[in-house]
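Below is one structure, written out as structure tokens, with a few remarks after it.
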Amino acid sequence: MDWGSNLLHQIGGLGSFNKSKEEIWLISNFAYHDVLSSNKADRGLYFSGEQYDRIFSHDLSNGIMHPLVGIAKDIYICIGMISTLVFETNQKLMTLNNELNEKNVSDSPKTEVGIGTSDINKFEEESDLSNHAKVNEILLSVKASAMELDAKIEAAKPNSEDLINLTDQEFEWQITLFETFKLSAKLYLRQAILRCNPSSLESQILTNDLVKCLDIILGSPVQTVLSFPVFMAGIHCVTVLDRQFMTARIEQYIRTYGPWSLTRVRAVIEKIWEFNPKGDTVVDWHGVLKEFGWEINFA
């Protein structure tokens, strides 16, 4: 991916690949793999979500069923934007934390004649209030961005041109696939940004709906793109019974599709269950991947 990104930048960026259907497919494949890469939250996307949006919404891509993206183009863009928000939020908080640490060291009052304990306490209280205000400003901005993304996900609909010439069975698979990624994006937003634990009421409602969708399309031709939804559903399973059923689904998925990245997906899910037996905390699954020394591409 690094090599591909460097090459694309050298030859003019994504805008240089929009003159034919073949070029649009090539670049949309790159975008698809970038959006579903596990390390995007650490490095950010190679190109902005807006740039990818222009590729996925290009006139040449309409009316043709993309073999990877299907009809869920808008949802992939939302997933990429969520990852970008995770990356930018982490960067802002890290920068602020470093600035505050440096400021606290340089601004700490020295205990000298004329500076009493009450003066020091007052300084510390004022400093704490200022620090809290800065953190709060960032968090409120993040929440506002998250709400905008949630509204964008909720409003997303398949392009009617992409549904032309489908059989009834293909139509059901594609509509279900769209809903599957829509629910996965909602769970990802709540887990990664809003820090909702898996056992929260809203997360469980979304997970229940997601599992219903998965049971319809696992084993179908569209199952080749279900690694990310399966992962999202898996880390949000809370009860022992739900986890047993999810393990069985993953085993069946591996048997019918192949191991590929699924063995790592299963291992990370099981490790998260181990860390979070009751589903009442938010586990940083990127941290779990780092512990394993892994990267996963959910493509």
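Every read-out reported here was derived from the displayed coordinates using simple, explicitly stated rules and does not represent laboratory data. Only a predicted model underlies this, so the values are computations on that prediction, with no experimental measurement involved. FYI the Cβ positions are ideal-geometry reconstructions off the backbone, even for glycines, and counts take in every protein chain you see.
For the reader, a short list of remarks on this structure follows.
- Electrostatic dipole magnitude of segment 155-299 [Cβ: Lys, Arg +1; Asp, Glu -1; Cα centre; debye, to 20]: 400 debye
- Hydrodynamic radius by Kirkwood, which averages 1/r over all alpha carbon pairs of segment 175-299, in angstrom: 14.4 Å
- Within the shell of other residues whose beta carbon sits under 14 angstrom from the beta carbon of Gly293, the net charge comes to 0, with Lys and Arg scored +1 and Asp and Glu -1.
- Residue of Lys134, Lys152, Lys21 that the Gaussian network model of the chain assigns the largest fluctuation, springs spanning Cα pairs under 10 Å: Lys134
- Between Arg195 and Thr239, the contour length at 0.36 nm per residue exceeds the Cα-Cα span by 13.9 nm.
- Stokes-Einstein D for the chain, Kirkwood Rh over Cα pairs, 37 °C, 0.692 mPa s (µm²/s): 155 µm²/s
- Mean separation of Cα contacts under 8 Å (6+ apart) over length of the chain, as relative contact order %: 20 percent
- Our estimate of slack between Glu202 and Glu172, defined as 0.36 nm per intervening residue step minus the Cα-Cα distance, is 8.2 nm.
- Residues whose amide H comes within less than 5 Å of that of Phe298, counting only those at least five positions distant or on another chain, are Ser37, Ser38 (H built at 1.01 Å from N in the peptide plane).
- A simple spin-label model places the labels of Asp280 and Leu26 5.5 nm from each other, with each point 7 Å out along Cα-to-Cβ.
- Ascending count of other beta-carbon atoms within 10 Å, so fewest first, for Ser20, Ser28, Ser261: Ser20, Ser261, Ser28
- Mean residue ellipticity, 222 nm, helices only, the chain: the sum of -39500 (n - 2.57) across DSSP H runs of n ≥ 4, divided by residue count and rounded to 500, is -22500 deg cm²/dmol.
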